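Here's the structure we're looking at; comments come further down.
The values are calculated or read from the model by the stated rules, or taken from the named source; none is laboratory data. In this text, all values refer to a predicted model and were calculated from it rather than measured experimentally. A quick note on method: Cβ atoms are made from the backbone with ideal geometry, for glycine too, and the neighbour counts reach across all protein chains shown. Accessible surface is based on the protein model in full, side chains and every heavy atom, while ligands, DNA and RNA are left aside. Shrake-Rupley method; radii C 1.70, N 1.55, O 1.52, S 1.80 Å.
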Amino acid sequence: MPDRHAFRAGLTARRRRAVQAAMVCCVLGLLPATWLRLSTDDVRPNAAVAAAPSAPVALVFGAGLWDGEPSPYLAHRLDAAADLYERGKVRAVLVSGDNSREEYDEPDAMRTYLTERGVPERHIAADYAGFDTWDSCSRASRVFGVGRALLVSQDFHIRRATALCRAAGIDSYGVAVPEPRDATWYAGGLREIPGAAKAAFDAGVTPDPHFLGPHERGVDEALADARRGTDR
């Protein structure tokens, strides 16, 4: 007959190891989020558009389409970018989104939305291969030659966007778009937990984006046209 004391001791040891393993997993899981918080300590998710500094370009990240039109979150980002342009904070806007399918074209929908709100089309450049935050940041730097930018996204995403664009070599300031604390907002916040882990990998390894390609002159031409306008 087995010794009951030995059995209980073994069971206690197994439970202790399970608790220790769970604690280690929790610590490891929190490390990327901690890195993200510390590396963007200067980012103020409640800062208003009016408080943003000037920069040559506003980079707007895609956030989905509804029946071919910008989703509410994407529309709010674009409203903020149009406000930045109207205030003279930026001279050009780079819209970055997904056009991996012919029937799904985020950048052109973003461009149309901005032009309808007063941003001249010639001052808007489009990145059709901004499939995720890292791709948008990396391509903005390596393909479009952006060196300094205001980043426009929701408040729960702006830290990750800023950390990744800085890792890509862009002097970045995050312009956070506030949203009501509803189910959509909390779902977006939850996605930032695994997003932080991917961001830590991307910032450390700096992989090529899905599509790199040659230099594109969209931002150069938009800024050149803006300069000509101020010289007239």
Hey, Ala63 of a type in the set (A, V, I, L, M), touching a Phe, Trp or Tyr at 6+ places or on another chain (Cβ under 6 Å) and crowded, with 19+ Cβ neighbours inside 10 Å or not: yes
Residue, nearest to Ala52 (Cα to Cα), within region 77-136, restricted to residues that are of a type in the set (Ser, Thr, Tyr) and over 18 Å from the mean Cα position of the chain (by Cα): Tyr85
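Residues in region 68-81: is at least one among the charged types (D, E, K, R), buried (at least 19 other Cβ atoms within 10 Å of the Cβ) and under 11 Å from Val152 (Cα atoms)?
Yes, some residue in region 68-81 is among the charged types (D, E, K, R), buried (at least 19 other Cβ atoms within 10 Å of the Cβ) and under 11 Å from Val152 (Cα atoms).
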Candidates Asp127, Asp155, filtered to the one that is open to solvent by 10 Å² or more (accessible area, probe 1.4 Å) and under 19 Å from Gly174 (Cβ atoms): Asp155
Region 113-124, residues that are buried (at least 18 other Cβ atoms within 10 Å of the Cβ) and either modelled with pLDDT under 95 or over 22 Å from Ile158 (Cβ atoms) (or both): His123
Cβ pairs under 6 Å, 6+ apart, first in region 85-100 and free of Cβ contacts under 8 Å to residues at least 60 places away in the same chain and farther than 17 Å from Glu221 by Cβ, second open to solvent by 10 Å² or more (accessible area, probe 1.4 Å) and part of a strand (DSSP E or B): none
Test: residue in region 197-212 that is surrounded by 15 or more Cβ atoms within 10 Å (Cβ to Cβ), touching a residue at least 40 places away in the same chain (Cβ under 8 Å) and farther than 15 Å from Thr133 by Cα: no
Every pair of residues 6+ apart whose Cβ atoms lie under 7 Å, when the first sits in region 117-128 and is within 20 Å of Arg139 (Cα to Cα) and aliphatic (A, V, I, L, M) while the second is open to solvent by less than 10 Å² (accessible area, probe 1.4 Å) and not in a strand (DSSP E or B): Ile124/Leu114; Ile124/Ala222; Ala125/Phe144; Ala125/Val219; Ala125/Ala222; Ala126/Pro107
